[in-house]
Structures are given as structure tokens and as C-alpha cells.
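Worksheet: one structure, shown below.
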Amino acid sequence: MTTRTTAMLDQFMNEITPRHAGEDEFLQAVKEVASDVLTIEKASHDFTSARALERLCEADRVISFRITWRDDAGEVQINRGWRVQHSNLLGPYKGGLRWVPGLNRSILKFLAFEQAFKNALTGLALGAAKGGADFDPSGRTPAEIERFAMAFMAELSAHIGPERDVPAGDIGVGSHEIGLMQRAWMQYARHWGGAMTGKPLSLGGSDIRAEATGYGLIYFTAAMLDEQNQRIEGKRIAVSGRGNVARHAARKAMMMGAKVITLSGKKGTWYAPDGFSKSALEWVLTTPGDAVFEPAKDLGVTFVADARPWGKEPDIALPCATQNEIELSDAKALVDSGCRFLAEGANMPLTAKAEAHLAKAGVTQAPGKAANAGGVAVSGLEMQQNARFDRWSPERVDTALRGIMCDIHERLKSERGSCCTDTGLIDYRRAANVAAYRKLAQAVVDGGAI
Ligand code: GLU
């Protein structure tokens with residue numbers, strides 16, 4: 001960064017930080033974008049006079065609400081829910097809901113901000129939002145989940161709808177929970193329509209939506225490798241997590257001939273030195289409870305308690321668990337073990353220090369806003385199907401998904417002139433921020449001071 005850019009960034013952050021005091025994740029995400037786009041803003045009179053970036057940093061509104069429900073023991077439980085409606089410049093508010101203990105406003109504001117950039121890159125008519133509750137679904141019975149979903153929607157229903165705000169799933173919210181919430185919305189709104197995406201097929205969901213984020217991640221990774229005349233076949237891939245993104249990324253990577261060598265959970269890492277076999281992968285993905293920590297010997301898998309998946313000599317790293325999961329020590333382990341590529345299945349999985357270390361070592365990195373956009377892209381296709389009372393074949397959706405991921409890659413590639421690394425490769429992080437910013441800032445300008 002030049003001295004002028006550093007000075008501009010410091011000034012910008014000094015101005016906005018007091019308005020978001022203590023919201024560290026949000027400020028981290030804003031700083032990452034601002035460091036790439038402030039020079040673009042300053043070079044345009046229209047963008048500067050519209051104060052485009054400042055406006056893009058401020059959510060349209062943050063809705064916060066109480067959720068009261070009764071558990072199976074008859075006790076009253078109280079949770080807090082939010083919906084951050086970040087921007088509807090490009091389409092209806094759009095983004096997932098997560099149910100995780102410890103969720104807070106800062107995390108949701110950062111995710112909604114990132115979503116605006118991600119959704120812009122898809123090329124579809126999608127605004128941006130994020131929401132959820134500080135509710136831990138693990139260990140809850142189906143009846144409790146259903147009561148919680150009803151109580152959550154009792155409040156959220158008033159704020160959503162097919163052309164207004166279309167939530168989807170995220171951590172802790174899968175198609176089953178979406179089905180419950182969609183049904184609740186239909187009852188409250190007295191309306192049929194795609195108010196949510198990621199629905200079960202029986203309630204108007206789309207084929208390939210569950211697979212979309214993981215599959216899209218692999219399509220983007222393949223395009224990124226192709227750009228450097230490399231192939232995914234035979235590559236050793238370290239995946240973190242074993243949730244929805246990780247599982248479908250692992251499956252697709254193996255379908256395309258790669259060796260998936262790790263998956264991980266809160267308690268440690270499953271490691272298959274020669275790559276998981278299909279049956280070993282399915283075993284890790286589907287075995288419930290404690291049994292999964294003791295793999296049978298003939299599976300060729302070991303479970304390493306408290307270990308992270310990054311020091312096992314991968315060619316490619318796919319962090320698919322959660323924000324800030326890769327710290328500086330993990331980035332060092334990746335570089336030391338020879339990793340050359342990283343694509344983010346999770347949103348902002350790298351701390352700023354980890355990211356800088358990988359960049360310095362010349363590791364090619366695809367940011368989540370590009371690499372994991374497949375999920376929200378197929379949500380966009382689900383909205384199109386619902387709006388036309390239509391249902392596409394799995395092949396049609398998968399082909400469209402692959403096309404969207406390749407288009408995103410091309411869009412970033414076209415920014416190469418001002419977004420390349422010291423060694424002349426595409427700087428995907430900067431290119432994603434710049435390409436999405438241009439699109440959003442133009443919409444800010446064209447919409448006037450409203
Ligand atoms: N939660 C996913 C994401 O982070 C999907 C959002 C959606 O489909 O609306 O992009």
C-alpha cells in the first residue's frame with residue numbers, strides 16, 4: 001500500500017469506527033474492502049460526491065427482536081433475533097439466517113456487508129441481508145426446533161417476502177428449518193411464494209441448492225487452477241468443517257479426481273494421508289455423536305484431537321467452517337507445508353495477519369465473496385423458479401451454477417490490470433472488492449441521495 005493509500009485508509013477508518021464502536025468483525029471486513037476500493041472512489045467524481053463507500057458501510061436497517069418459547073420441560077426460554085437488511089439496491093434483501101450461540105450484531109453486520117459484495121458479483125438481481133438468533137439448536141428435540149422456528153417467524157414474518165427480503169439458511173439452519181419457517185411465513189402472510197430459499201423440494205425448493213455452495217467452491221477453484229495451467233485432478237486438498245459447505249465441496253472435489261485429506265470439527269481433525277475413500281468420507285460425514293471420533297482402522301482415517309487441518313502438506317486449502325478460523329500460526333503451517341492455493345468456503349475465515357502472511361508467501365487466495373457465492377447464486381435461481389411457478393432439472397441448475405462461477409472468475413480476471421500480485425498473478429481479493437464496489441457504487445450514484 002502506498003503512503004497516500006494508507007493515509008486515506010486511516011482517515012476513513014477513523015471517521016467510521018466511532019459509529020460502530022466495539023463491532024470488531026464488522027470493522028475488520030470494512031477495512032479489508034476500504035483498503036482496496038478507496039483509490040477507485042477517489043478517482044471518480046461521481047463516487048466521491050455520492051460518498052458511495054460510506055453509504056455502503058451503513059445498513060439500511062437493523063431489526064432486533066425478542067424470541068420467547070417453551071422448551072420440552074415446560075420452561076420459558078428467551079433468545080434474541082436479528083435481521084440486518086443491508087441494501088436492496090440490486091434486488092430484494094437476500095442472505096442467510098444462522099442460529100448459533102454467541103451470535104451478535106457485529107457478526108451479522110459484517111456478514112450482511114460481505115453479502116452485498118458477494119451478491120453483486122453473482123450478476124443476479126440480489127440485494128443483501130443477514131440474520132439469525134443466539135440460539136443453539138444442537139441437542140434440541142424436533143418439537144423444540146419447531147416451536148423455536150414458529151416463535152422466530154412470529155416476528156421476522158412481518159419484514160420478509162418474495163420481493164422484499166428473502167432469507168435462506170446458514171450455520172445451524174438447514175433445509176428442514178427453512179421448511180418450518182417458510183410454512184410459518186405462509187400462515188402469517190396468508191400467501192404462497194418464495195419468501196425463503198433453500199426450501200425442501202416439496203415446498204418449492206430448488207434442486208442443487210443444498211450442494212450449491214460446496215460445488216460452486218470447487219468450480220471456482222478449478223477455474224483458478226486452470227488460470228495457472230494446473231488441474232484439480234490429483235491435488236491434495238485440506239478441507240475444514242464437516243457441515244453443508246465442507247461436505248459438498250469434498251464430494252465434488254473427489255468427483256473431479258482430487259484427494260481430500262482432511263475434514264474437521266470442534267474437537268479435532270479427521271486425516272486420511274492418501275485421501276478419503278468414498279466410503280470413508282461418507283462415514284465421517286454421516287456418523288453421529290462420539291462414534292465418529294474412533295474411525296475403524298480399515299477406513300484409512302485417523303482422528304487427531306485438538307488438531308487443525310492445515311499442516312498436512314495440502315496443495316489446496318478450503319476453509320469451510322467459520323470466520324477467523326485461520327490464524328497466523330495456521331497460515332504459517334500452510335505455507336511451511338507447501339500449500340499454493342486457498343479458496344474460502346466460509347465467510348472471512350482468515351484473520352488479517354493470516355491473510356497477509358499467505359499473500360507474502362505467494363499463495364493464490366480466492367475470497368469467500370467470490371468463491372462461496374454459489375449458494376446464494378442458486379438461491380437466486382430458486383427465486384426465479386418460484387416467481388415463474390417453475391421447476392428446473394438438477395442438470396439445468398448445476399449447469400447454470402457452473403456458468404455463474406466461471407463468469408465470476410472472468411469478472412475478476414478482467415480487473416487484472418489494477419489487481420495483480422507482485423508476480424503478475426490475479427489478486428482475487430482485490431479484484432472481488434473492486435468489481436463488486438464498482439457495481440454497487442454505480443447503483444448508489446444512479447439512485448441519488450436517497
Ligand atoms: N448463507 C449463504 C451465504 O452466506 C447463502 C445465502 C442465501 O442463499 O441467501 O451466502
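Could you compute the net charge surrounding Asp165? Neighbours are other residues with a C-beta less than 14 Å from the C-beta of Asp165; K and R count +1, D and E count -1.
+2
At a 1.4 Å probe radius, carbon and sulfur cover how many percent of the accessible area of the chain? Display every interim value, and only then the final one.
Values: 9330 of 18730 Å².
Within the chain, the accessible surface is 50 percent carbon and sulfur.
Within straight cross-link reach of Lys369, meaning Cα distance under 13 Å, which aspartates and glutamates are found once same-chain residues fewer than 8 apart are removed?
Correct list for Lys369: Glu32, Glu114, Glu344.
For the chain, modelled as a Gaussian network with Cα springs under 10 Å, which listed residue fluctuates most, Gly194, Gly102, Gly132?
Most flexible of the set in this elastic network: Gly102.
Using 0.36 nm times the number of residues separating Asp134 and Ser202, minus their current alpha carbon distance, what extension gain do you get? Spell out each step's value before the answer.
On the way: separation 68, 0.36 × 68 = 24.48 nm, distance 2.86 nm.
My answer for the length gained is 21.6 nm.
Calculate the dipole size of the stretch 279-390 relative to its Cα centre from +1 charges on Lys and Arg beta carbons and -1 charges on Asp and Glu beta carbons; express the result in debye to the nearest 20.
It comes to approximately 420 debye.
Going through the cross-link list Lys94/Lys439; Lys235/Lys312; Lys312/Lys413; Lys413/Lys439, which pairs have a Cα-Cα distance over 23 Å in this structure? Could you put the intermediate results ahead of the total?
Values: Lys94/Lys439 17 Å; Lys235/Lys312 13 Å; Lys312/Lys413 30 Å; Lys413/Lys439 16 Å.
Exceeds cut-off: Lys312/Lys413.
Any number yet on Rg/Rh for the stretch 227-283, C-alpha, Kirkwood?
For the stretch 227-283, the value is 0.98.
Scattering from the C-alpha atoms of the chain alone, worked out with Debye: what is log10 I(q)/I(0) at q = 0.07, 0.10, 0.12 1/Å?
Result of the Debye calculation: -0.33, -0.70, -1.03.
Please build a GNM for the chain, connecting alpha carbons under 10 Å apart, and tell me which residue among Arg83, Arg416, Arg209 fluctuates the most.
Looking only at Arg83, Arg416, Arg209, the largest GNM fluctuation is found for Arg416.
Per residue, how large is the accessible surface of the chain? Use a 1.4 angstrom probe and give square angstrom.
42
For the stretch 196-307, give the share of DSSP beta bridges that are antiparallel, in percent and rounded to the nearest 5; count only bridges with both residues there.
Around 75 percent of the beta bridges assigned by DSSP in the stretch 196-307 are antiparallel ones.
The values are calculated or read from the model by the stated rules, or taken from the named source; none is laboratory data. Not measured: the values here are computed from a predicted model. Note that each Cβ is placed from the backbone with ideal geometry, even for glycine, and that neighbours are counted across all protein chains shown. Heavy atoms of the whole protein, side chains included, go into the accessibility calculation; ligands, DNA and RNA do not. Shrake-Rupley method; radii C 1.70, N 1.55, O 1.52, S 1.80 Å.
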